[in-house]
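First up is the structure itself, then whatever we jot down about it.
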Amino acid sequence: MTFALDTDLQNDLAHVKENLHEIIDNDEKNAALKEVIDSVMERTGKMVRPLLLLIISNYGNNNNKDVLYKLGAFLELVHLASLIHDDIIDDSPLRRGKKTTQAQFGKDIAVLAGDYLLSRVLYQIIKENLQFSGLILADAVKSLCSGEIRQLGNRFNLDTTIEDYYAGISEKTASLFVAACHMGAYESGCDEQTINKLIKIGHHFGYVFQIRDDLLDFVSCQSIEGKPVHKDVLDGIYTLPVLFTLQVNQYGNDLRLMLANIRSPEFSFIEMEKLIIAAGGISNALDDLFCHVREIYKIIDSLPANKSGQFLKGIADWLVADLNFGGENATLRP
């Protein structure tokens with residue numbers, strides 16, 4: 001699954017990566033720490049959040065590339081720190097097919113590695129005097145923590161509502177997308193009305209990312225990027241297809257009984273999936289996802305036409321390209 005970038009954006013991302021490594025490498029004198037951080041840095045993925053920041057910045061007129069490259073690096077470091085901490089909480093052995101930091105070095109070192117990355121971001125924000133964008137990023141980190149605590153507080157809660165779900169992913173998943181769009185718009189000199197529209201795009205991208213992740217749990221019998229299928233439901237974290245099903249009369253009652261006995265030898269994930277499909281849990285989640293994609297398109301179309309709009313639509317299309325639950329290419333398990 002790919003999306004096309006022009007040469008300018010590819011070069012911009014390369015500069016973000018240079019800044020990212022400069023931030024980390026400047027003061028590495030501790031060999032043990034360097035080994036851990038080098039391992040973490042190998043886990044950088046498609047850098048979607050820095051990419052969003054760079055694309056959004058083209059809606060403004062004050063395009064200070066050096067500042068944008070630094071902010072893109074800060075975003076990616078915060079994202080990496082959050083993944084390290086997520087893997088500790090989930091006790092995950094793999095991410096994207098590679099050993100997680102906590103699996104490779106132990107939980108104690110992983111906690112400190114995540115904290116180290118956050119400390120480097122804090123240091124650089126103060127050093128570069130990026131006060132307002134620093135406040136945006138700090139608020140995103142606060143939301144990440146709040147969302148994680150909310151999710152943990154709702155574990156195994158069969159009365160979790162769709163509203164609870166959206167409140168949680170607004171904090172936990174969408175916060176860094178919002179920060180990327182807000183910082184990119186602010187630092188490039190967008191007016192207040194445009195900034196507010198671009199922030200909304202960030203929210204919707206966060207929702208699309210999370211619902212897509214929920215749906216991928218039903219796509220393949222293999223693990224997704226190293227994450228065991230249905231690990232969320234095993235851990236008592238109920239994703240959107242599950243929550244929709246719980247609201248559907250008899251289907252909901254049957255699913256409650258299933259989930260209450262999830263550790264039983266008689267429990268069947270296949271039967272759970274069939275129930276969720278029959279109840280419309282998958283189709284309703286898909287409807288929600290495409291609703292957010294349409295909102296992204298609608299906001300883009302309300303902004304001045306430029307190549308940034310096409311790139312943003314391309315990312316949205318990329319995110320839903322492999323969610324084909326119908327037709328001859330359907331990959332949903334029976």
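The values are calculated or read from the model by the stated rules, or taken from the named source; none is laboratory data. This structure is a prediction, so every number in the text was calculated from the model and none was measured. Ideal geometry is used to build each Cβ from the backbone, glycine not excepted, and the neighbour counts take in all protein chains shown.
Results for (1) surrounded by 18 or more Cβ atoms within 10 Å (Cβ to Cβ); (2) acidic (Asp, Glu); (3) farther than 19 Å from LEU234 by Cα; (4) modelled with pLDDT of 90 or more, shown as yes or no for each residue.
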residue	(1), (2), (3), (4)
SER264	no, no, no, yes
ASP287	no, yes, yes, yes
HIS292	yes, no, yes, yes
TYR297	no, no, yes, yes
SER302	no, no, yes, yes
LYS307	no, no, yes, yes
GLY326	no, no, yes, no
ARG333	no, no, no, no
Within region 147-181, take every residue that is among the basic types (Lys, Arg) and more than 27 Å from ILE55 (Cβ to Cβ) and give me the one that is surrounded by the fewest Cβ atoms within 10 Å (Cβ to Cβ). ARG155
Could you grab me the full set of residues in region 20-45 that are in contact with a Leu (Cβ under 9 Å, 6 or more places away or on another chain) and closer than 30 Å to ILE300 by Cβ? LEU20, THR44
Hey, among the residues in region 18-39 that are surrounded by 13 or more Cβ atoms within 10 Å (Cβ to Cβ) and in contact with a helix residue (DSSP H, G or I) (Cβ under 6 Å, 6 or more places away or on another chain), which one's modelled with the lowest pLDDT? ILE24
Residue by residue through region 145-175, note down the ones that are touching a residue at least 12 places away in the same chain (Cβ under 8 Å), part of a loop (DSSP other than H, G, I, E, B) and more than 19 Å from GLU76 (Cα to Cα). ASN154, ARG155, PHE156, ASN157, LEU158, THR160, THR161
Is region 200-212 home to any residue that is surrounded by fewer than 22 Cβ atoms within 10 Å (Cβ to Cβ) and among the β-branched types (Val, Ile, Thr)? no
Boolean, ASP139 is under 20 Å from ALA31 (Cα atoms), modelled with pLDDT of 95 or more and not hydrophobic (A, V, I, L, M, F, W, C): no
Of everything in region 249-271, what is touching a residue at least 40 places away in the same chain (Cβ under 8 Å) and of a type in the set (A, V, I, L, M, F, W, C)? Give them in sequence order. LEU259, ALA260, PHE269, ILE270
Among the numbered criteria (1) under 21 Å from the mean Cα position of the chain (by Cα); (2) surrounded by fewer than 15 Cβ atoms within 10 Å (Cβ to Cβ); (3) not in a helix (DSSP H, G or I), which single criterion is violated by LYS142? (3)
Looking at (1) closer than 18 Å to PHE311 by Cβ; (2) part of a helix (DSSP H, G or I); (3) of a type in the set (Gly, Ala, Ser), which one does ALA32 not meet, given that it meets all the others? (1)
Write out, first by first residue and then by second, each pair whose Cβ atoms fall under 8 Å of each other, whose residues are 6+ apart or on separate chains, and whose first residue, in region 283-300, is without any contact (Cβ under 8 Å) to a residue 60 or more places away in the chain while the second is in a helix (DSSP H, G or I) and surrounded by fewer than 17 Cβ atoms within 10 Å (Cβ to Cβ). TYR297/LYS313
Quick check: anything in region 58-74 small (Gly, Ala, Ser), over 21 Å from the mean Cα position of the chain (by Cα) and part of a helix (DSSP H, G or I)? no
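Here's the yes/no breakdown for (1) out of contact with any Cys (no Cβ under 9 Å at 6 or more places or on another chain); (2) of a type in the set (A, V, I, L, M, F, W, C):
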{"residue": "LEU9", "(1), (2)": "yes, yes"}
{"residue": "LEU13", "(1), (2)": "yes, yes"}
{"residue": "HIS21", "(1), (2)": "yes, no"}
{"residue": "MET41", "(1), (2)": "yes, yes"}
{"residue": "ARG49", "(1), (2)": "yes, no"}
{"residue": "ASN61", "(1), (2)": "no, no"}
{"residue": "ASN64", "(1), (2)": "yes, no"}
{"residue": "PHE74", "(1), (2)": "yes, yes"}
Inside region 63-103, can you point out the residues that are more than 19 Å from CYS145 (Cβ to Cβ) and small (Gly, Ala, Ser)? GLY72, ALA73, GLY97, ALA103
Whether any residue in region 74-83 is closer than 30 Å to ASN306 by Cα, β-branched (Val, Ile, Thr) and surrounded by fewer than 20 Cβ atoms within 10 Å (Cβ to Cβ) is what I want to check. no
Answer yes or no as to whether ILE300 is over 30 Å from GLY202 (Cα atoms) and among the β-branched types (Val, Ile, Thr). no
Checking ASN253 against (1) crowded, with 18+ Cβ neighbours inside 10 Å; (2) modelled with pLDDT of 95 or more; (3) farther than 27 Å from ARG49 by Cα, only one condition comes out false. Which one? (1)
Please indicate, with yes or no, whether at least one residue in region 44-63 is among the aliphatic types (A, V, I, L, M) and either surrounded by fewer than 19 Cβ atoms within 10 Å (Cβ to Cβ) or at pLDDT below 90 (or both). no
